[in-house]
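Student: This structure is in structure tokens; I'll ask about it shortly.
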Amino acid sequence: MAVPMTDFLSHKDVEILRALREDCRKPMGQVGESIGISKATVSRRVSKMEEDGVIKRYDLCVDSSKLGVLKSIVSIQIIGSPVSIVIEQLQNYREISKIYKAFGDHNIICEVYSRSVDELYDMIQTKLLKMPSVRNVEVDVLVEEMRLNPNSDLDIYAVGLRNETE
């Protein structure tokens with residue numbers, strides 16, 4: 001499934017995104033200084049990327065393992081119902097942090113938090129598998145996160161950029 005390539009971001013925009021991903025609280029002046037443009041230019045470009053939906057939000061990253069909370073990936077195969085109906089039902093479960101629509105063996109991938117494997121198992125048995133359209137559920141408990149390339153999306157995008165002179 002090919003995703004259309006859009007060339008509306010410049011190399012400078014990608015560098016701004018890299019800097020903000022590293023520290024989204026970094027002052028615009030410092031971002032501009034590091035890539036050779038003014039604070040006003042950075043602010044204008046960031047505002048445009050926010051307006052265009054490229055920048056969706058600014059997040060706080062909490063290490064859930066330090067809280068004694070397990071993070072799991074739960075993959076759900078659906079049969080006989082539209083995915084949107086199941087997603088609507090899943091939104092009621094406080095254990096589910098994120099839901100991804102997927103194309104492949106599973107229709108929905110969920111990021112789920114629990115205090116124990118028993119609590120996770122109970123949630124799957126009493127909530128997910130009780131849903132009439134859920135055919136199969138697979139679980140992976142995540143043990144450790146290792147960031148290989150936090151900018152892989154920006155790297156892939158940048159490969160398609162034309163050489164620009166700014």
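Student: So which residues in the stretch 97-119 are of a type in the set (V, I, T) and more than 20 Å from C61 (Cβ to Cβ), if there are any at all?
Tutor: Selection gives I108, V117.
Student: A further question follows. Within the stretch 90-129, can you find the residues that are under 16 Å from I79 (Cα atoms), charged (D, E, K, R) and assigned to a loop (DSSP other than H, G, I, E, B)?
Tutor: Once the filter is applied, which keeps residues that are under 16 Å from I79 (Cα atoms), charged (D, E, K, R) and assigned to a loop (DSSP other than H, G, I, E, B), the stretch 90-129 yields only D105.
Student: Also: Quick check, is S97 in contact (Cβ under 8 Å) with a residue 12 or more places away in the chain, at negative phi, within 18 Å of the chain's Cα centre (by Cα) and surrounded by 18 or more Cβ atoms within 10 Å (Cβ to Cβ)?
Tutor: no
Student: If we keep just the residues of the stretch 100-128 that are hydrophobic (A, V, I, L, M, F, W, C) and within 21 Å of the chain's Cα centre (by Cα), which is farthest from L67 (Cα to Cα)?
Tutor: F103
Student: Tell me the residue from S65, S47 that is hydroxyl-bearing (S, T, Y) and closer than 30 Å to D140 by Cβ, please.
Tutor: After applying the criteria, what remains is S65.
Student: Within the stretch 136-154, take every residue that is part of a loop (DSSP other than H, G, I, E, B) and over 19 Å from E119 (Cα atoms) and give me the one that is farthest from the chain's Cα centre (by Cα).
Tutor: E144
Student: Within the stretch 50-79, can you find the residues that are under 19 Å from I124 (Cβ atoms) and either modelled with pLDDT of 95 or more or not in a helix (DSSP H, G or I) (or both)?
Tutor: Listed by number, the residues that qualify are V69, L70, K71, S72, I73, V74, S75, I76, Q77, I78, I79.
Student: Given the options D118, D155, name the one that is within 30 Å of S10 (Cβ to Cβ) and surrounded by fewer than 16 Cβ atoms within 10 Å (Cβ to Cβ).
Tutor: Criteria check complete, one pass: D155.
Student: Taking the criterion of being exposed (fewer than 13 other Cβ atoms within 10 Å of the Cβ) and either modelled with pLDDT under 95 or part of a loop (DSSP other than H, G, I, E, B) (or both), would at least one residue in the stretch 39-47 satisfy it?
Tutor: No, that holds for no residue.
The values are calculated or read from the model by the stated rules, or taken from the named source; none is laboratory data. Nothing here was measured: the structure is a model prediction, and the numbers come from that model. Heads up, the Cβs are rebuilt from the backbone with ideal geometry, glycines too, and the neighbour counts pull from every protein chain shown.
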